[in-house]
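First comes the structure, then the notes that go with it.
The values are calculated or read from the model by the stated rules, or taken from the named source; none is laboratory data. Just so it is clear, the structure is predicted and the values come from calculations on it, not from any experiment. A quick note on method: Cβ atoms are made from the backbone with ideal geometry, for glycine too, and the neighbour counts reach across all protein chains shown. In case anyone asks, the SASA skips ligands and DNA or RNA and just uses the protein heavy atoms, side chains included. Shrake-Rupley method; radii C 1.70, N 1.55, O 1.52, S 1.80 Å.
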Amino acid sequence: MKHKQNMISRRIFGFSLVGIGLSSSFDKVLADSAPPPAPIPKAALPRANPDKAAKKSGPRILCYVGGYTRSGPAESNATGITLFEMNAQNGILTQLGHVTPADNPSFLALSPDQNTLYTVNEMSDFEGGHTGSVTAFRVDRHTGVLTKLNVMSSGGADPAHLSVHPSGRYLFIANYTGGSAAVMRIQPDGSLGLLTDLVHNTGPKMPERAADNPPGNYAVSDHSASHVHMVQSDVSGKFVLACDAGLDRVYVWSFDMQSGTLKPAAKPWLAMEPGSAPRHFCFSHDGKVIYILGEQDSRVVVADYDVQTGGMQVKQTASTVTAQFRGSTLAAEIILHPNGKFLYVTNRLGNAIACFKVHEDGSITLFDEVWAHADYGRALSFDPSGQFVFVANQRSDCITSFHVNADTGSLEFTWHFVPIGTPTSFVFTVLDSE
């Protein structure tokens, strides 16, 4: 959501930050838990050097980065959507051309065919009303250059997230301040059509802090009203789910492909820990397990997911910080590695990436906590191959990256920093062959 440089989120108020230190040695910070396994050897990886980048080969990999343009530093790249090319050998990102103008493009999504890029415009004053907007761009599949198609109202204030239905025919939008989930039709050319549904959530007032918060947590998530933070379909596209960080629920609707409307599922929501502020989720590759991240309590809720009914049965809750942690932390992003064996979470105030091993039954075990080497990491994303993971560090105005060991899940810092103003989101794509 909207942030001011070196200031806390508008969803976080009335707290002071507690200075914390993160140990890079996991066996020193789990003294009161089960003995950890032997330290995992770090992969031999040379530090990336932009002046001596490895020779490029194979398809071109591009990365689009969005961020806050209304609250970024005066002299920065925070003017829209920035295009980079990634070196597949060392993960180095090199900016290409000019920044594509966009108003507060805080979250991005690509169509299934990769021909269209969509962004929320996180605002509450679109065309003089009390709403945000969404913009569609055509992607040149040979150059990556974006061409604006059109912009439409999101149906609510401050949209924070959007996703595309697997069919490519509909766009789902989470209006944070607006407290609503919107469905928008996508035209055959990829441009945006009219809203086909707009659902406003209601529920009782929830506490500002969760009972299972990390000890000493002064951070507060906004529970003043409904705040839809993410909306996305399940793997099949049959159901649509939304994290409501204000009402502490994960909503489930069945989706009508013909009308583009949402109908409450048999179990219309999963009640989360009061005050936990469910923020984002991701599915296992087979769609039978869902991982839900709580922003306020920095915990991952693991639930079995019924693909026939959309029902969820919680089987585990795991902290994203070690048992010894004390202080404020707010979890932001959760992603599953392409091989399905590892799960990663960003802790913004802790400036760390929590690394989990995924077991055969879908349960998870925290095995490492890695310093992000920058401040306030939000988005976390793999490149298409899964060799590298990238962190958008909003307050440090940079992107940092790590090499991923596909066998152990361990992360090795590449020592490559990409300067960019207030980055918050990115997506990768592979260009078509010439």
By the Cα gyration tensor axes a ≥ b ≥ c (a/c under 1.5 gives rounded; else a/b larger than b/c gives prolate, otherwise oblate), the shape of the range 344-387 is oblate
Scoring only Lys, Arg, Asp and Glu (+1, +1, -1, -1) among other residues with Cβ under 12 Å from the Cβ of residue 356 yields +1
Debye calc, one equal point scatterer per Cα of the range 327-400, no solvent, log10 I(q)/I(0) at q = 0.23, 0.28 1/Å comes to -1.01, -1.30
Residues whose built amide H sits under 5 Å from the amide H of residue 388, excluding neighbours closer than 5 in sequence, are 383, 404
Taking Cα atoms only, Rg over Rh for the chain with Rh from the Kirkwood formula is 0.94
Counting only protein heavy atoms and rolling a 1.4 Å probe, one gets per residue an accessible area for the range 293-373 in Å² of 31 Å²
Counting sequence-distant residues (5 or more places) and residues on other chains, those with an amide H built under 5 Å from that of residue 145 are 140
Long-range alpha-carbon pairs in the range 176-224, meaning those over 13 Å apart, account in percent for 71 percent
Using alpha-carbon coordinates alone, the radius of gyration and Dmax of the range 286-434 in Å work out to 15.6, 53
Computed over the Cα atoms of the range 139-181, the Rg and Dmax in Å are 13.1, 39
Label model pair residue 141, residue 271: point-to-point distance (7 angstrom along the Cα→beta-carbon line) in nm is 4.9 nm
Whole-percent tail of the Cα-Cα distance distribution for the range 233-272, cut at 11 Å, equals 61 percent
Taking only C-alpha positions in the range 109-168, Rg and Dmax in angstrom work out to 12.4, 38
Quick shape check on the range 367-434: root eigenvalues a ≥ b ≥ c of the Cα gyration tensor, a/c under 1.5 is rounded, otherwise prolate if a/b tops b/c, else oblate, and it reads oblate
Contact order relative to length for the range 248-396, counting C-alpha pairs under 8 Å separated by 6 or more residues, stands in percent at 14 percent
So the compactness index of the range 223-378, its C-alpha Rg divided by 2.2 N^0.38 Å, takes the value 1.02
Beyond 16 Å, the calculated P(r) of the range 83-143 holds a percent of Cα-Cα pairs equal to 59 percent
Dividing the mean separation of Cα pairs under 8 Å (6+ apart) by the residue count of the chain yields a relative contact order in percent of 15 percent
Accessible-area order for 227, 359, 130, largest to smallest, probe 1.4 angstrom, reads 130, 359, 227
Under 5 Å from the placed amide H of residue 331, counting only residues 5+ away or on other chains, we find 298, 348
Cα extents of the range 266-350 per principal axis, largest first, Å, are 41, 32, 18
On the accessible surface of the range 253-372, probed at 1.4 Å with all protein chains in place, carbon and sulfur together account for a percent value of 53 percent
